[in-house]
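Down below is the structure, laid out as structure tokens.
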Amino acid sequence: MNRPETTPLSVVRSARISPNMQRITLHGEGLNNFPAECEGSYIKLLFSQRGSTDLSTLTSSERPVMRTYTISRFDRSAQTINVDFVRHETCDLQCGFAGRWAVNAKAGDTINVAGPGNSSYLNTDADWYFMVADMTSLPALSAKLRTLDARSKGYAVIKIIEQADIQHIAIPSNMQVIWTTDDNSLLSHVTSLPWLDGDISVWVACEFDMMRAMRNYFRSDKNVPKDNIYISSYWKKGVSEDGHKIIKREDATL
């Protein structure tokens with residue numbers, strides 16, 4: 001059975017950057033092959049069927065279990081990437097591989113990754129921006145914000161678990177950042193903000209059910225053109241990544 005091409009990496013450092021976010025810095029010569037603009041792109045962390053990072057334990061008929069995360073920073077000269085993990089209780093062994101690995105990772109540990117995949121789309125030919133994220137997509141949002149022109153304006157609404165999870169992120173001075181800890185307030189924050197003049201570019205990445213509510217708001221209520229909008233779910237409450245992929249495929253056909 002064909003397996004994905006992988007890049008072996010080693011842990012340089014692991015730091016708890018907020019109560020609910022762990023940052024792992026990974027190093028490897030294979031990162032020289034990553035594109036220069038890969039911040040915000042996704043990689044797949046590879047595990048055995050039992051959650052080990054040692055893929056030599058896989059039989060010829062087994063594929064590795066893959067978990068998707070975002071490159072938050074890339075340093076080609078140092079051959080390192082930063083990957084941020086939300087610290088949370090896992091629902092079972094299968095969906096908890098990456099989270100448990102990140103919490104326990106220490107310098108010298110090794111892991112294989114596949115990718116990077118393409119960075120999520122953002123239409124920069126717009127007059128203003130409306131961006132929405134939760135903690136799973138905060139690394140991707142932060143990378144997108146760093147690509148904006150200094151004169152860019154609009155909103156970035158971010159759902160965090162607690163106030164201490166607020167991070168310093170680089171953002172144009174005319175972009176307003178709204179942090180919220182209320183599970184029920186993300187949509188209400190978004191829908192209550194004044195609509196600005198001109199063409200809008202929308203970027204949304206969050207939990208599946210919230211994503212669908214956001215999609216209905218921006219596409220149906222606000223009639224944002226398809227080419228000016230990116231909306232994706234990064235996870236679904238109570239469902240493993242494998243189950244989430246199935247749900248996303250089904251939703252795409254609706």
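The values are calculated or read from the model by the stated rules, or taken from the named source; none is laboratory data. All values derive from a computational prediction rather than experimental measurement. All Cβ positions, glycine included, derive from the backbone under ideal geometry; neighbour counts span all protein chains shown. Calculation scope for accessible area: heavy atoms of the full protein, side chains included, ligands and nucleic acids excluded. Shrake-Rupley method; radii C 1.70, N 1.55, O 1.52, S 1.80 Å.
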> With respect to the numbered conditions (1) of a type in the set (S, T, N, Q); (2) touching a Leu at 6+ places or on another chain (Cβ under 9 Å); (3) modelled with pLDDT of 95 or more, which one is the sole condition not fulfilled by SER77?
Replying inline: (2)
> Considering only the stretch 143-166, how many residues are assigned to a loop (DSSP other than H, G, I, E, B) and either of a type outside the set (Asp, Glu) or surrounded by 12 or more Cβ atoms within 10 Å (Cβ to Cβ) (or both)?
Replying inline: 8
> Residue check: is ALA15 out of contact with any Pro (no Cβ under 6 Å at 6 or more places or on another chain), without any contact (Cβ under 8 Å) to a residue 60 or more places away in the chain, aliphatic (A, V, I, L, M) and part of a loop (DSSP other than H, G, I, E, B)?
Replying inline: no
>> For the stretch 37-81, give me each residue that is within 23 Å of ALA170 (Cβ to Cβ) and acidic (Asp, Glu).
In response: GLU37, GLU39, ASP75
>> Here is a check on your reading of the model: is ILE169 in contact with a helix residue (DSSP H, G or I) (Cβ under 8 Å, 6 or more places away or on another chain) and not polar (S, T, N, Q)?
In response: yes
> When you go through LEU26, LEU45, LEU55, LEU31 one by one, which is the residue that is more than 24 Å from SER142 (Cβ to Cβ) and not aromatic (Phe, Trp, Tyr)?
Replying inline: LEU55
>> Exactly one of these conditions fails for ILE111: (1) at pLDDT 95 or above; (2) aliphatic (A, V, I, L, M); (3) open to solvent by 50 Å² or more (accessible area, probe 1.4 Å). Give me its number.
In response: (3)
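Residue-by-condition table, conditions (1) open to solvent by 10 Å² or more (accessible area, probe 1.4 Å); (2) closer than 21 Å to ILE160 by Cα; (3) without any contact (Cβ under 8 Å) to a residue 60 or more places away in the chain; (4) basic (Lys, Arg):
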position	(1), (2), (3), (4)
GLY51	yes, no, yes, no
GLU62	yes, no, no, no
THR68	yes, yes, no, no
VAL86	yes, yes, no, no
LYS106	yes, no, no, yes
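Quick grid of which residues meet (1) part of a helix (DSSP H, G or I); (2) open to solvent by less than 50 Å² (accessible area, probe 1.4 Å); (3) under 14 Å from SER137 (Cβ atoms):
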site	(1), (2), (3)
HIS168	no, no, no
ILE171	no, no, no
HIS189	yes, no, no
ALA213	yes, yes, no
TYR217	yes, yes, no
VAL224	no, yes, no
SER233	no, yes, yes
